[in-house]
Amino acid sequence: MNEIALDCRGLLCPLPVYQASRAINRLLPGQVLRVECTDPGSLADFPALARQRGLTLVSAEERDGVQMFRLRRELAA
Amino acid sequence: MSILDTAVGWLRYGEPAEGSAPAGRPGPNGSRPRLQTDPARRRYRDVRELIAGVHNPTPLVRLNRVGPAGAEGYLKLEWFNPFGSIKDRTALYLLEGMRRRGELAGRELVEPTSGNTGIALAALAALEGIPLTVTIPSGAPQEKITLLRMLGATVMATPDDLCPVDNPSDGAIALARAVADSPAHRGRYAMPNQYANPDNVRAHYETTGPEIWEQTEGRVRTFVAGFGTCGTISGVGRFLKERDPSIRVVAVEPQKGHHLPGLKNLQEAKAPAILDRSVLDDVVRVDDGPAYAMARRLFREEGLIVGPSSGAIVAAMARLDGASAGLTVGISPDGGHKYASFYAERLEEEGSG
């Protein structure tokens, strides 16, 4: 499984970041974490979280009030 | 039966055991049951009865080698509470208030705490089968986290850099709030919220304050406690000021970025809603160094195994001018056992083993 899904819809800030952070701890190189959330704070939080944890923000999109972020742990160089 | 009833239950110890006769019925000779106040004959129905109150006060112990020069100094040893800290009083009142208002029915609890409130809430909640989640700030000692887990609480550690954008220093509070308020949780969690709940202040207004008044026979002139949730300083302060407005109330504030669990620097953390500044006469800043140095003196010179915040509070007491301070009472919020790992580090740093 190369993509792990995390449903944070209906969770208020900072719970999405808290849960994503724990999921990132278990993320293997090459794996992608896909997070769906509805808290508006996430728009700023997830790009910052990706930088902070050294992950690549593969995509960030919003549809019908749901934001979806995909963060990848790159293979070690 | 409410938990507050059980908390003062030992007063009714002379009665038949619960269930064998209606509580409070007249005795065989028509008299009310005798109050059992002889400590040598005291038994407890339940650990909750050990939580301090006016008829079961925590000890007030004279400081003979540290404390205000030229005045009587006493430390109120809150670790004599059954779950180990002053927060036993708070937790009891918080839960009882929520029960009275119907906020507990079928719900779980979530609370931000540096540990002691969590430990007391976890023990009380365990007795009643209520699940508890605790959000705990980074830097809380491992011992406290272990105790919370032993009591069956779910522990959410809140790293300092949890919110990568604005890094609030009160991340544990924000996280607990989010657990309580998130629509996805559908109101499953109730948050006692010791920082904003007037029952926290009431616990100290009704127990800690009157205990100090009784134990000093009204001679207390100065009261010293820390800024934390501010329940103690606000509740005891209000009680003492009502008795005698000239009693001086001194708050102890740690430095920014301090390592004194339970205390708060109100420049870096938001002032709790329950803080009543009208009862404060002075705020004394005590940095980590002097606080830990005083904790060590309390261990070595007074035989008092206190937590770090007690060191800060007694360090502030020692700076008072004894002649104007008069009989001074400080709070020792908890004991030292939970901080063995903290103290080990300090001993290492100071190289004095």
Query raised in the report: From the residues in region B:183-204 that are within 14 Å of chain A (Cβ to nearest Cβ) and of a type in the set (A, V, I, L, M), which one is surrounded by the fewest Cβ atoms within 10 Å (Cβ to Cβ)?
Result: B:Ala184
Query - Criterion: surrounded by 22 or more Cβ atoms within 10 Å (Cβ to Cβ) and assigned by TED's automatic domain parsing to the domain that holds B:Val329 - qualifying residue of B:Thr207, B:Thr113 - result: B:Thr207
Report task. Considering each of A:Glu36, A:Glu62 in turn, give the residue that is within 30 Å of B:Gly187 (Cα to Cα) and modelled with pLDDT under 95. Result -> A:Glu62
Requested in this report: Filter region A:1-31 down to residues that are farther than 18 Å from A:Ser59 by Cα and either away from chain B (no Cβ under 12 Å) or among the β-branched types (Val, Ile, Thr) (or both), then give me how many there are.
Outcome: 3
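Here is a yes/no grid of residues against (1) modelled with pLDDT of 95 or more; (2) more than 30 Å from B:Ala316 (Cα to Cα); (3) in a loop (DSSP other than H, G, I, E, B):
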site: B:Asp161; (1), (2), (3): no, yes, yes
site: B:Pro164; (1), (2), (3): no, yes, yes
site: B:Ala174; (1), (2), (3): no, yes, no
site: B:Val179; (1), (2), (3): yes, yes, no
site: B:Asp199; (1), (2), (3): yes, no, no
site: B:Arg202; (1), (2), (3): yes, no, no
site: B:Glu211; (1), (2), (3): yes, no, no
site: B:Glu217; (1), (2), (3): yes, no, yes
site: B:Val220; (1), (2), (3): yes, no, yes
Query - Pairs, first within 18 Å of B:Met294 (Cα to Cα) in region B:249-266, second surrounded by 20 or more Cβ atoms within 10 Å (Cβ to Cβ) and polar (S, T, N, Q), C-beta under 6 Å, six or more apart - result: B:Leu260/B:Ser309; B:Pro261/B:Ser114; B:Gly262/B:Ser114; B:Gly262/B:Ser309; B:Leu263/B:Ser309
Report task. Look through B:Ala180, B:Ala123 and report the one residue that is within 14 Å of chain A (Cβ to nearest Cβ), buried (at least 17 other Cβ atoms within 10 Å of the Cβ) and touching a residue at least 40 places away in the same chain (Cβ under 8 Å). Result -> B:Ala180
Requested in this report: Name, by its number, the condition in (1) at pLDDT 95 or above; (2) within 14 Å of another protein chain (Cβ to nearest Cβ) that does not hold for B:Leu132.
Outcome: (2)
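Each row is one residue, and each column tells you yes or no for (1) open to solvent by 40 Å² or more (accessible area, probe 1.4 Å); (2) under 17 Å from B:Leu347 (Cβ atoms); (3) in contact with a Ser or Thr (Cβ under 9 Å, 6 or more places away or on another chain).
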{"position": "B:Val250", "(1), (2), (3)": "no, no, yes"}
{"position": "B:Leu263", "(1), (2), (3)": "no, no, yes"}
{"position": "B:Asp281", "(1), (2), (3)": "yes, no, yes"}
{"position": "B:Arg285", "(1), (2), (3)": "yes, no, no"}
{"position": "B:Ile305", "(1), (2), (3)": "yes, yes, no"}
{"position": "B:Pro308", "(1), (2), (3)": "no, yes, no"}
{"position": "B:Val314", "(1), (2), (3)": "no, no, yes"}
{"position": "B:Gly322", "(1), (2), (3)": "no, no, yes"}
Report summary line: B:Trp79 fails exactly one of (1) at pLDDT 65 or above; (2) open to solvent by 60 Å² or more (accessible area, probe 1.4 Å); (3) over 21 Å from B:Gly226 (Cβ atoms), namely (3)
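The values are calculated or read from the model by the stated rules, or taken from the named source; none is laboratory data. Every value quoted in this text rests on a predicted model; they were computed, and no experiment measured them. In this analysis, Cβ positions are derived from the backbone assuming ideal geometry, glycine residues included, and neighbour counts consider all displayed protein chains. Side chains are part of the model used for accessible areas, which takes the heavy atoms of the whole protein and leaves out ligands, DNA and RNA. Shrake-Rupley method; radii C 1.70, N 1.55, O 1.52, S 1.80 Å.
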